[in-house]
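The structure that follows is given in the form of structure tokens.
The values are calculated or read from the model by the stated rules, or taken from the named source; none is laboratory data. In this text, all values refer to a predicted model and were calculated from it rather than measured experimentally. We place every Cβ from the backbone using ideal geometry, glycine too, and count neighbours over all the protein chains shown. These area figures cover heavy atoms from the full protein model, side chains too; ligands, DNA and RNA do not enter into them. Shrake-Rupley method; radii C 1.70, N 1.55, O 1.52, S 1.80 Å.
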Amino acid sequence: MTDHARALVLFSGGQDSTTCLAWALSRYAHVETIGFDYGQRHIVELTVRPTILEKLRELSPDWARKLGEDHLIALPVISTVSECALTRDVAIAIQDNGLPNTFVPGRNLLFLTVAAMLAYRRGLTVLVGGMCETDFSGYPDCRDGTLKALQVALNLGMATDLALETPLMWLGKAQTWQLAQEVGGEALVNLIRDETHTCYLGERHWHDWGRGCGECPACALRMKGYREFMQHLTEDLT
Ligand code: ZN
């Protein structure tokens, strides 16, 4: 059953946000997308976005009808004020505070605030993001409590009634593939595997779980999740 709400999905071109986009298309009447260019060194994420949008439209006439405008917003301010392994050419490592140096402090808070500003103008009432507590890195701005507090702050601050949906919040990586299977079948799983980009180093070498360097934490996590998912599929068939 389609919810008549109009949604805005934070869409980076990665596995998680593409899964969220498909989830939103299977659920809401109208869906727009927003992406951010903040000088991330894996800029390749941004270049795969238009291809993914086009292929999602090809996958389903219903999704093609629902999928509206894509908004790409430049946020150079992020690399101006913060230094991290995603915007500088340094090795990925764990910092003294226990967080990886890929953590960009406040990034998701800023993304969601800008998304809420755009949603206000576009008449969209649901924000969808791929934040997830089961993520290996434990980014504090991906936590459920952070996002619930932000939803309250945004609605108080803008006199709106925005809902902030995070369908992946409690899912492991294999379950995220499972969700893709549920909302779009094998065709969507293959699209996500072949077209999305997750690798921190921006490399696009081909593997059975998709493209990437195969070594960085994001690639390792993606590989593990995909293999677990495939193993469950095989077990279900036998
Ligand atoms: Zn990688």
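Could you sort 161-167, 119-125, 196-202 so that the peptide with the highest average Cβ count within 10 Å comes first and the rest follow in order?
Peptide ranking by packing, descending: 196-202, 161-167, 119-125.
Under a 1.4 Å probe, what is the accessible area of segment 3-172 per residue, stated in Å²? Walk me through the intermediate numbers first.
On the way: 7500 Å² over 170 residues.
Accessible surface, normalised per residue, equals 44 Å².
Say each of Lys148 and Asp70 gets a label point 7 Å from the Cα, pointing the same way as Cα to Cβ; how far apart are those two points in nm?
The modelled label-to-label distance comes out at 3.5 nm.
Between His207 and residues 5 or more places away or on another chain, which pairs have amide H atoms under 5 Å apart, with H built 1.01 Å from N, and which residues are they?
Gly212
A further question follows. Normalised by the residues of the chain, what does the relative contact order come to in percent, with Cα pairs under 8 Å and at least six apart?
22 percent
OK, next. Would you mind checking which residues have amide H under 5 Å from Leu72's amide H? H placed 1.01 Å from N; only 5 or more apart, or other chain.
The list, which skips near neighbours in sequence, is Gly35.
Another question about this same structure. Given labels modelled 7 Å from the Cα in the Cβ direction, how far is it in nm from Glu54 to His207?
It is 2.7 nm.
Got a sec? Which residues in segment 136-163 would a label at Tyr120 touch, if it sits 7 Å along Cα→Cβ and we count backbone N under 17 Å?
Under cut-off, by backbone N: 150-163.
What's the carbon and sulfur percent of segment 3-172's accessible surface, probe 1.4 angstrom, rounded to a whole number?
56 percent
Using only C-alpha atoms and all pairs of different ones, pull out the Kirkwood radius for segment 3-172 in Å with one decimal.
Its Kirkwood hydrodynamic radius stands at 16.5 Å.
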